[in-house]
1. Consider I330 against the criteria (1) modelled with pLDDT under 90; (2) surrounded by 24 or more Cβ atoms within 10 Å (Cβ to Cβ): it satisfies all of them except one. Which criterion is unmet?
2. Just to be sure before I move on: is G208 buried (at least 16 other Cβ atoms within 10 Å of the Cβ), of a type outside the set (V, I, T) and either at positive phi or modelled with pLDDT under 85 (or both) in the structure I sent?
3. One residue is enough: does the range 247-264 have a residue meeting the conditions buried (at least 16 other Cβ atoms within 10 Å of the Cβ), over 27 Å from A120 (Cβ atoms), in contact with a Pro (Cβ under 8 Å, 6 or more places away or on another chain) and not hydroxyl-bearing (S, T, Y)?
4. Report yes if some residue within the range 277-290 is over 23 Å from G31 (Cα atoms), of a type outside the set (S, T, Y) and in a helix (DSSP H, G or I); otherwise report no.
5. Here's a check for you: in the range 210-248, which residue that is of a type in the set (G, A, S) and in a helix (DSSP H, G or I) is nearest to G282 (Cα to Cα)?
6. Looking at V221, V287, which is the one that is within 14 Å of the chain's Cα centre (by Cα), modelled with pLDDT under 90 and buried (at least 19 other Cβ atoms within 10 Å of the Cβ)?
7. Which of the numbered conditions does L131 fail, given that it passes all the others? Conditions: (1) surrounded by fewer than 21 Cβ atoms within 10 Å (Cβ to Cβ); (2) within 30 Å of V33 (Cβ to Cβ).
8. Name the residue that is farthest from R83 (Cα to Cα), counting only residues in the range 162-194 that are free of Cβ contacts under 8 Å to residues at least 12 places away in the same chain and β-branched (V, I, T).
Amino acid sequence: MASKTEAVEAKEAYAKLTGRKVLFILVGLGGVVALVLVATSLGSADLGVSSVASAIAARIFPFLDLEVSTKVDVIVWGIRLPRVVLGVVAGAGLAVSGAAMQGIMRNPLVSPFTLGISSAAAFGASIAIVLGMGMVGSEKYLIITNAFVFALLAAFLVYGLARIRGMRPETLILAGIALMYFFSAATSLLQYIATKEELQTVIHWLFGSLTGASWENILIVVIISFSCLPFLIKYSWDVNTMVAGDDVATSLGVNPRRVRTVYMALATLITAGIICFTGIIGFVCLVAPHITRMIIGADHRFLLPSSCIMGGLLLLGADTLGRTAFQPAIIPVGIVISVIGVPFFLFLILRTRKEYFQ
């Protein structure tokens with residue numbers, strides 16, 4: 001009788017805990033919508049949240065017959081909203097890729113950027129800017145395609161090196177760090193031989209920015225990111241077991257090598273699809289999953305979608321701060337998010353690693 005009562009209590013406690021996580025997701029989505037309206041209303045010409053909401057609703061729900069001035073409609077849909085939406089989508093994608101990498105590596109300091117992906121993308125973009133050479137694509141998309149291809153190339157190299165030495169988390173991390181230094185050195189060499197104008201372009205790309213946002217770019221990022229997310233969630237139970245170690249996961253019927261390969265491929269694809277349009281925006285994929293994990297725990301079924309929400313909030317908030325705090329100057333979002341992320345990164349280093357995935 002006592003064991004039955006304990007089982008009922010445990011079931012109720014689990015349901016209550018799950019309800020809190022679902023509530024966090026719902027509240028977070030509401031926060032994203034509110035921040036989108038506020039961020040779109042801010043700028044050199046303040047529009048007001050109600051005007052922005054009306055302009056958005058008028059396009060989405062034309063049957064409402066809302067009256068919106070042409071000026072407000074152009075500012076919202078043509079100038080501000082693409083940047084705001086890209087901030088949300090890019091932040092969500094970077095955050096979920098970071099959460100995925102940390103889960104399969106069992107390391108709170110790992111992200112796609114520490115595996116050499118960002119350095120490879122920077123090298124690819126630098127080749128296009130300085131040498132005018134590209135892997136594929138027209139001149140208009142030379143930088144984008146170069147960054148995307150080299151980011152994927154870095155992932156394949158890391159995976160290949162790890163396969164040679166055994167597909168272990170430590171091997172993946174060490175291979176990624178080695179490639180990160182290699183591509184960073186190669187990028188520095190290109191900067192050394194670049195002209196003044198080329199150097200400025202490379203440095204501006206490395207800062208990371210949402211300035212070039214367009215609905216076309218957003219569509220590509222959305223397709224890549226949200227087509228990968230269901231597969232990440234599909235393996236979330238397997239990742240939960242891998243947190244306890246590969247031996248434990250194997251004993252429970254999980255194939256750690258397969259899960260790690262799938263997660264690494266999907267996280268790389270998401271990251272490459274984002275940074276090729278935005279440039280290098282670091283720390284979102286590192287900080288957002290940790291903040292989320294502190295709030296709702298390490299269950300990846302809820303951690304992955306919640307990290308998307310937190311990443312969108314962080315990146316959009318940082319970009320809004322960077323473009324409004326020092327008007328008319330606009331601080332690139334990569335700089336702003338790094339200022340926020342570095343102190344938190346140092347805080348993570350000082351934490352006990354065991355605590356983090358419990």
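1. Exception for I330: condition (2).
2. Working: buried (at least 16 other Cβ atoms within 10 Å of the Cβ): yes; of a type outside the set (V, I, T): yes; either at positive phi or modelled with pLDDT under 85 (or both): yes.
Yes: the conditions hold for G208.
3. Step one: list which residues in the range 247-264 are buried (at least 16 other Cβ atoms within 10 Å of the Cβ), which gives 249, 254, 256, 259-264.
Restricting the remaining residues to those that are over 27 Å from A120 (Cβ atoms) gives 249, 254.
Among the residues that remain, those that are also in contact with a Pro (Cβ under 8 Å, 6 or more places away or on another chain) are: 249.
Narrowing further to those that are not hydroxyl-bearing (S, T, Y): 249.
Yes, because at least one residue in the range 247-264 is buried (at least 16 other Cβ atoms within 10 Å of the Cβ), over 27 Å from A120 (Cβ atoms), in contact with a Pro (Cβ under 8 Å, 6 or more places away or on another chain) and not hydroxyl-bearing (S, T, Y).
4. yes
5. So the first thing to find is which residues in the range 210-248 are of a type in the set (G, A, S), and the list is 212-214, 225, 227, 236, 244-245.
Narrowing the set further to residues that are in a helix (DSSP H, G or I) leaves 225, 227, 236.
On the way: S225: 17, S227: 23, S236: 24 Å.
That would be S225.
6. Details: V221 fails: modelled with pLDDT under 90.
When all the criteria are applied, what remains is V287.
7. (2)
8. Selected residue: I164.
The values are calculated or read from the model by the stated rules, or taken from the named source; none is laboratory data. Every value quoted in this text rests on a predicted model; they were computed, and no experiment measured them. Because the Cβ atoms are built from the backbone with ideal geometry, glycine has one as well, and the counts that use them run over all protein chains shown.
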